[in-house]
Amino acid sequence: MRSQEIFDLLTKEYTLKLAISPEDFEAVKTIRKEVFSQKYSMSPDYLEKMGYLFNEDDKQSFIYFLLHNETNTYVGTVRIFFLNQRTPITQLPMQKDGNVKDIDQLMNTLPVVELSRGAIIQNLPPHHTYSSLQLRVFIRYQLMIATRINFLLYSYKTIFSIMEPSLHRFLRSQKIYFEQIGKPVEYYGTRTPYAIDRKKLIQDTEINMEELTRHYLKELCKDPKPFWQFIDANPYLERSDIQLDRICQLFKKYGDDVDLSLLLGEEKS
C-alpha cells in the first residue's frame, strides 16, 4: 500500500496519536462507546460499568487513536497491553478474560504484549476519492502502523492477539502471519488466540509499512517531550525500556536510509 495519495491521507488528513492526557483517554472512550455499543448491543452505561470503555488493563497499556483533522473526529483506536517485571497484572487479557489456556510457556521471556480493543467508528467522515469501505481498510492499516511503531520503541519478545476471523484475514493480506496458539474460544463471538515473534513481525512488514512507520517515528523525534512525560508518569515503565533516543540518533546519522537491523538494535548483516 504505497502511493503518495494514501501517504498524504494518513499523515495529513488523519493524525495518529498516543493517548497521553485525560482528554486523550476520553477520546478513546468516545470511540469505544460508539463502536462497542453497536457491535455488542450494549448500552454505554453498561459498557462503562463493566469496564469495557476503560479499565485497569488500560493503565498497563499504550493506547493509540486516530483523529480526522478537518472534522476533529476520533475515528479509531487500538490498545497495546504489556507485561513486564513491574506490572501488577500478570496475565494477558486473553487469559484472564478470554479463557485462553496453556500459553504460560510462551510468556517466559518478558516483556510481552497483547493487541486488543481495536475499534473503528462506523460512519467515517466522507472522502472525495475513497469510499467508506476503502477508508476503513486504510484506517485499519494505520492502526497497524501504530503497533509497529510501538514494537520498535519497546523490545517485546512476543506479540499476542485474540482475533475475529476478519482481522486474521486482513493481517494475512498484509503478509502478517500470526501462529495459532490455541483453540477458538467464545469471547464476544468466536475468536482464536495467536502469537508472533516481534522481530519477525517487524521484518515481514518492512516493505509495506516502512515509509509510514519512519515518518511517525521522525515526527516523534521532533517533539519527544510529551511522550517522555507519559513514560515518566507510568509506574510500570522506565526510560531505559524505551529505544526512542537511540532511534532518533540513527535518523540523525543515516536519515531515511537507516537499516532496519539498526532500528531493531542489531548489527547490520
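Each reported figure results from applying straightforward, stated rules to the coordinates on display, with no laboratory input. Keep in mind the model is a prediction, meaning the values are calculated, not measured. Positions of Cβ are backbone-derived with ideal geometry, glycine not excepted, and every protein chain shown enters the neighbour counts.
Just a few scattered comments:
- Remark on the chain: hydrodynamic radius 19.2 angstrom, per the Kirkwood mean of 1/r across alpha carbon pairs.
- Loop sites in the range 13-117: GluC sites (Glu not before Pro), DSSP, at most 16 other Cβ within 10 Å: 70
- Order of 115, 237, 264 under a 10 Å beta carbon neighbour criterion, fewest first: 264, 237, 115
- Using the Stokes-Einstein relation with a Kirkwood hydrodynamic radius computed over Cα pairs, the translational diffusion coefficient of the range 140-269 at 25 °C and a viscosity of 0.890 mPa s comes to 153 µm²/s.
- About the Cα centre, charge dipole magnitude for the range 26-153 (Lys/Arg +1, Asp/Glu -1 at Cβ), debye: 160
- Rg to Rh quotient for the range 28-116, alpha carbon positions, Kirkwood Rh: 1.03
- In terms of other Cβ atoms within 10 Å, 169, 32 run from fewest to most in the order 169, 32.
- For the range 88-238, the residue among 105, 184, 93 whose Cα projects farthest onto the positive side of the dipole built from Cβ charges is 184.
- Applying the Karplus relation 6.51 cos²θ - 1.76 cosθ + 1.60 with θ = phi - 60° to the range 175-181 yields 3J(HN,Hα) values of 6, 10, 10, 6, 9, 5, 10 Hz, where x marks Gly and Pro.
- Placing unit charges on the Cβ atoms only, positive for Lys and Arg and negative for Asp and Glu, gives the chain a dipole magnitude near 300 debye about its Cα centre.
- As a proxy for reagent exposure, ranking 163, 94 by other Cβ atoms within 10 Å from fewest up yields 163, 94.
- Sparsely packed loop sites in the range 200-269 (the trypsin sites (Lys or Arg not before Pro) outside DSSP H, G, I, E and B with at most 13 other Cβ atoms within 10 Å) comprise 268.
- Net charge, residue 153 excluded, C-beta distance under 12 Å - Lys, Arg +1, Asp, Glu -1: +2
- Given charges at Cβ of Lys, Arg, Asp, Glu: the chain dipole, positive-most of 249, 159, 67: 159
- Under 12 Å, Cβ to Cβ, from residue 231 - net charge with Lys/Arg +1 and Asp/Glu -1: -2
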